[in-house]
Every structure is written in C-alpha cells, then in structure tokens.
Amino acid sequence: MYFVRHGQAGTRDAYDSLSDLGTRQARLLGEHFVSQGIEFAAAFTGALSRQRQTGEEVGAAFSRAGVSFPSLTIDSRWNEFDLGHVYSEIAPQLCAEDHQFRLEYEKMQEQIRVSDGAHAAIHRKWLPCDTKLVTAWISGRYAYTGETWQQFCERVASCRLDLGNSQRRENIVVFTSATPIAIWTGMSLDICDGKLMQLAGVLYNASYTVMRLRDGQLRLFTFNAAPHLSGTGLRTHR
C-alpha cells in the first residue's frame, strides 16, 4: 500500500487546491512510479480537491507513458481533519485564557490580511499558535461541535477493512494528507497519540509511505520517501 501525501497546496486562507509547485511535485511522483515499474491495481483518494488533483496528476503521468492506471475511488474517510473548523471554535476559547496564543493568533491573522493571498512565508510555516490549537483539539478540553480527535482517528482507521480486501500481491495507492498517513504509520508501530502529529509534521508534500497489510498484520516498509523531489526547492512541508 502506497500512501501519498498531496502536493503543496494553496495559501492558508485558500488551501484546498494544488499550487503550481504542488502540481509539479505530483507529476514528478507519477513519473517516478512509472520509471520504477510500479503499477497499481486500485487507487483511492480523499474527497478534498488537493488530494484528488494529486491523484489525477499521477494518473496523467501513467497515461502519457502508455501505462494503465486505475480509476480513482473517492472516499471522504481519507480527508484531513478540518483545521479551519477547529480554529473557528477553539481559537476564541484559547484567546480568552491564553494571552500568548491570542497575540500569536492576531499576528497571524494580520499577516494573512497583508499578504492578500500571496504565497508568502506565513502560508508555508506551521506556527506556534497552530501547535497550541491542535494540541487543545486533541486533548478534548474545549467545547467543539465538529469531529473530535478520537472520531477522526477512528474514521481514518476504518479504511483498513476495505484495503485488506485486496489481493495478496496487488499494489494499492491512496492519495491523502499528512495526518491520516501518520495515523496509519502509528497503527503499524503502535505509536501513541502524542507522537502522531510529530510524524505528520515531517512528511514532505507528494512523498510516499509504503506499508504491507498481510494476514491482518500491518508493517511499515518505507516512510516519507521523496527520491523524485531531488531538485532545488522541490521538497516542501506546506
């Protein structure tokens, strides 16, 4: 099973589409798979645009090479958690009790406003207020009407049954996001919640992670591989 993180996406306030660089990263990944003779019997993608666009670019590389590529099966269980929703409900609560968070959050909002959608540094960094917010969401300390951390993990893990139904020697590719890949990596290594976001944080855009599911056992073979992104400026985290 090849788990592919989507290519670099848009700006922080318009995130769900590939940037020009993200499109190139996905294309290079597809060309790499073709050059290595890696073929797939099934392809899954989350419902988010950046995930689907990555899968489409990879598939297009196969088509240009005259190699068959399976139709993408869209499954929203592979979607990333909704950071925007988390911010909308938990950030005000954090602002009320954490002065430093409020300052960091207001600074970020101002930088976004001034950048006017440009691909400036503010859009390409995971900021301290992001870490505080996600940690608060994971802990479940604050009122929140959206998907909880536990529900998110269970949703992503529930895909295991479908992937386990494939033939023993078939390759499957899944186009998803950083945290779902981290969750599956954690499942293979019995890693606890506190470490999963650290795994997600190091994943390159358009990298791939390889696992094998056999007789109910999930084993990790390759993590965060990006040999196709060897040129200057091709490896990004956001």
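The values are calculated or read from the model by the stated rules, or taken from the named source; none is laboratory data. The model shown is predicted, which means the values in this text are computed figures rather than measured ones. All Cβ positions, glycine included, derive from the backbone under ideal geometry; neighbour counts span all protein chains shown. Accessible surface areas use protein heavy atoms only, side chains included; no ligands, DNA or RNA. Shrake-Rupley method; radii C 1.70, N 1.55, O 1.52, S 1.80 Å.
Please determine, by comparing only the residues of the range 1-30 that are charged (D, E, K, R) and surrounded by fewer than 17 Cβ atoms within 10 Å (Cβ to Cβ), which one is farthest from residue 228 (Cα to Cα). Let's see the steps before the verdict.
As a first pass, look at the range 1-30 and keep what is charged (D, E, K, R): 5, 12-13, 16, 20, 24, 27.
Narrowing further to those that are surrounded by fewer than 17 Cβ atoms within 10 Å (Cβ to Cβ): 13, 16, 20.
Working: 13: 29, 16: 23, 20: 16 Å.
Looking at the filtered set, the residue picked out is 13.
Would it be correct to say that residue 80 is without any contact (Cβ under 8 Å) to a residue 24 or more places away in the chain, under 23 Å from residue 191 (Cα atoms) and among the acidic types (Asp, Glu)?
Here the answer is no, as residue 80 does not meet what is asked.
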Report summary line: Within the range 163-200, restricting to residues that are touching a strand residue (DSSP E or B) at 6+ places or on another chain (Cβ under 9 Å), open to solvent by 50 Å² or more (accessible area, probe 1.4 Å) and in contact (Cβ under 8 Å) with a residue 40 or more places away in the chain, the one that is farthest from residue 227 (Cα to Cα) is 168
**Report entry** Total residues in the range 31-58, condition assigned to a loop (DSSP other than H, G, I, E, B) and of a type in the set (A, V, I, L, M)
**Finding:** 4
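Which is more than 30 Å from residue 96 (Cβ to Cβ), at pLDDT 95 or above and in a loop (DSSP other than H, G, I, E, B), of 235, 169?
Values: 169 fails: at pLDDT 95 or above.
Going through 235, 169 in turn, just one is more than 30 Å from residue 96 (Cβ to Cβ), at pLDDT 95 or above and in a loop (DSSP other than H, G, I, E, B): 235.
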Query - Residues that are more than 19 Å from residue 20 (Cβ to Cβ) and either among the aliphatic types (A, V, I, L, M) or touching a residue at least 12 places away in the same chain (Cβ under 8 Å) (or both), drawn from the range 215-238 - result: 216, 218, 219, 220, 222, 223, 224, 225, 227
Query raised in the report: Would you pick out the residues in the range 201-229 that are open to solvent by 10 Å² or more (accessible area, probe 1.4 Å) and closer than 23 Å to residue 125 by Cβ?
Result: 201, 202, 204, 223, 224
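Just to verify a result, which residue in the range 33-66, among those that are more than 26 Å from residue 158 (Cβ to Cβ) and in contact with a strand residue (DSSP E or B) (Cβ under 9 Å, 6 or more places away or on another chain), is surrounded by the fewest Cβ atoms within 10 Å (Cβ to Cβ)?
Within the range 33-66, the subset more than 26 Å from residue 158 (Cβ to Cβ) is 33-39, 57, 60-66.
The next check asks that each one be in contact with a strand residue (DSSP E or B) (Cβ under 9 Å, 6 or more places away or on another chain); those that pass are 33, 38, 57.
Values: 33: 24, 38: 15, 57: 24.
Of everything passing the filter in the range 33-66, 38 is surrounded by the fewest Cβ atoms within 10 Å (Cβ to Cβ).
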Query - Those residues of the range 71-81 which are surrounded by 13 or more Cβ atoms within 10 Å (Cβ to Cβ) and not in a strand (DSSP E or B), in sequence order - result: 75, 77, 78, 79, 80, 81
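So that you can scan it fast, the table gives a plain yes or no per residue for (1) among the charged types (D, E, K, R); (2) over 22 Å from the mean Cα position of the chain (by Cα); (3) under 21 Å from residue 163 (Cα atoms):
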{"position": "58", "(1), (2), (3)": "no, no, yes"}
{"position": "69", "(1), (2), (3)": "no, no, yes"}
{"position": "73", "(1), (2), (3)": "no, no, yes"}
{"position": "76", "(1), (2), (3)": "no, no, yes"}
{"position": "85", "(1), (2), (3)": "no, no, no"}
{"position": "90", "(1), (2), (3)": "no, no, no"}
{"position": "95", "(1), (2), (3)": "no, yes, no"}
{"position": "98", "(1), (2), (3)": "yes, yes, no"}
Requested in this report: Taking residue 186 as the residue in question, decide whether it is under 15 Å from the mean Cα position of the chain (by Cα) and more than 21 Å from residue 16 (Cα to Cα).
Outcome: yes
Report summary line: Here the residues within the range 93-130 that are surrounded by 16 or more Cβ atoms within 10 Å (Cβ to Cβ), modelled with pLDDT under 90 and of a type in the set (A, V, I, L, M) are 108, 112, 122
